[in-house]
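Undergrad: For reference, the structure I am asking about is given below.
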Amino acid sequence: MGDAANLRNTLSNTDNSMPGIQSSSREMMRFYDKPGGPSLAVSEWRSVLQTSSPSLSMPLLYVANEVLQTSKRNRGSKFLEAFSPVLGSSLMFIVGRDRSVVEKVRRTVKVWGDRHIFSMRFVMDLLAGLESYREGGSGRAPPGMEQAVPAPSAAAASAAIGSPKPSLTASSENDDDDDDDEDMFGGSTDGQKLLDISIDVTALSDAKLSSSSPSGSKRRRTSNLSSSAIAPSNVAKKPKVLSGQNIVKLFQSIANLDEKYKSSMGVIDAIPPSYLDDDNADIDDLVGDELTSMYKKVRDTQRKVLRERRSMYSVALQRRELEKEAKRYISWLKNLAKVDDDDIKFVDKLVEKLEVISVCHEEAKKLRDVRRSEEAQQLAEAEAIAQQEAEEKERKSLLEDVKKEAEAKPGMIWNPNLREYQYLHDHTEESWRD
């Protein structure tokens, strides 16, 4: 208990400096190898977050970020498992108290996805929970910091007219023109909506006034509402340069979207068939805790369906934009094919010229080989002559030396036995023996 108190005190005194954040994260990492330590440390972190002032929220988030990355990189996944059930509600609690930090929180969550701290699906869920807190949203901090994303009231689940983000329920005003979102997967969610989306009253009034004009039609109203709700920005994006690298990235993006769509379909297909059977009589026998448990499971399934529906809708929009971008490459690829045809023609002409040259090439090759052979022979002869001259010069030098040594010097006589000149023996040199 003393360690938990020390941790609580350290977290409560965390400041926004790097040394303070690292000190608090090291204090939490000391719980890693203790039985139940990561869960206890996360519980203390969450308790301090709930009871602290709003100015301490971001330093505590940065402490959690440091702990998650250090645990993932150096130790293991214990802190990831301990943080994952409470991250969603904690992030919503932070941005609910101070809307000005929502983009900082989003950037931190994106870092977890870029560095593969959590799966992309989990990161996308966290970002989806923060969408309503961005500019123009009406998100609110969850009471009691529930671990699951709370369901907003039914009055808040409406169309986000004029919002810069796509709205899945913007077509609720146009029942006859657009597809019914509630029946996308074969059923509607009776009761509370699970999306917390604000209403732009001014834009909604303008849309109603324009739809009530005599010249306006229902179809035109639908397109106006849809364009205002879905258009991500009024600023035109600068088209990308047409290049081989960009087209490879384009098709890679399409492949990634296909994988994301398959993942969403896998979640939908994993829903138990009993949840989709309206004639299932087993639910009539459920009472008490069993009925409550079934209700929670159904609500969780509804959230999954709506979440995957948003994901699939986003995939469809992105796929549509990528396909539009792909059309720009058609003429470019045709020009490249034309250039390739010109290159092939040039190569064919070059081959023909090489065939003509090959007739002379063989003869030139033979002459070159003969010339090289003659030059090699001449070089060998010159080297042999030079070697003979050197040997002759050396021989003459030796003979001269021998002649000089063979000449008799004063006091020398010829020794026929040894065939050389020798000095005469001087008997006087042995007189000392007498």
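The values are calculated or read from the model by the stated rules, or taken from the named source; none is laboratory data. Being a predicted model, the structure only gives us computed values, none of them experimental. Quick reminder, even Gly has a Cβ in these numbers, built from the backbone with ideal geometry, and neighbours come from all protein chains shown. For accessibility, only protein heavy atoms count, side chains too; no ligands or nucleic acids. Shrake-Rupley method; radii C 1.70, N 1.55, O 1.52, S 1.80 Å.
Undergrad: With every protein chain left in place, what is the accessible area per residue of region 1-117 in square angstrom, probe 1.4 Å? Before the final figure, lay out the partial values.
TA: Values: 5450 Å² over 117 residues.
For region 1-117, the per-residue accessible area is 47 Å².
Undergrad: Measure off, as a whole percent, the carbon and sulfur share of the 1.4 Å-probe accessible area of region 315-376, all protein chains present. Let's see the in-between values first.
TA: Details: 3220 of 5410 Å².
Within region 315-376, the accessible surface is 60 percent carbon and sulfur.
Undergrad: If I ignore ligands, DNA and RNA and count only protein heavy atoms, how much of Phe251 is accessible to a 1.4 Å probe, in Å² to the nearest 10?
TA: Here the residue's solvent-accessible area equals roughly 120 Å².
Undergrad: How much accessible surface does Phe346 have with a 1.4 Å probe, in Å² rounded to 10?
TA: 130 Å²
Undergrad: Here is a follow-up. Which Rg and Dmax, in Å, describe the Cα atoms of region 1-121?
TA: Spelled out, the Cα radius of gyration and Dmax of region 1-121 are 13.3, 38 Å.
Undergrad: In square angstrom, rounded to the nearest 10, how much accessible surface does Arg73 have for a 1.4 Å probe?
TA: My reading of the accessible area for Arg73 is about 150 Å².
Undergrad: Related question: With a point put 7 Å past each Cα toward its Cβ, work out how far Glu391 is from Val287 in nm, to one decimal.
TA: So the two model labels end up 12.6 nm from each other.
Undergrad: Counting only protein heavy atoms, what percent of the accessible surface of region 1-50 is carbon or sulfur at a 1.4 Å probe? Before the final figure, lay out each step's value.
TA: Details: 1250 of 2620 Å².
Answer for region 1-50 is 48 percent, counting heavy atoms of protein chains only.
Undergrad: Find how much the distance from Arg328 to Glu81 grows on full extension, using 0.36 nm per residue of separation minus their present alpha carbon separation; answer in nm with one decimal. Mind dumping the intermediate values first?
TA: Details: separation 247, 0.36 × 247 = 88.92 nm, distance 4.54 nm.
Here the answer is 84.4 nm.
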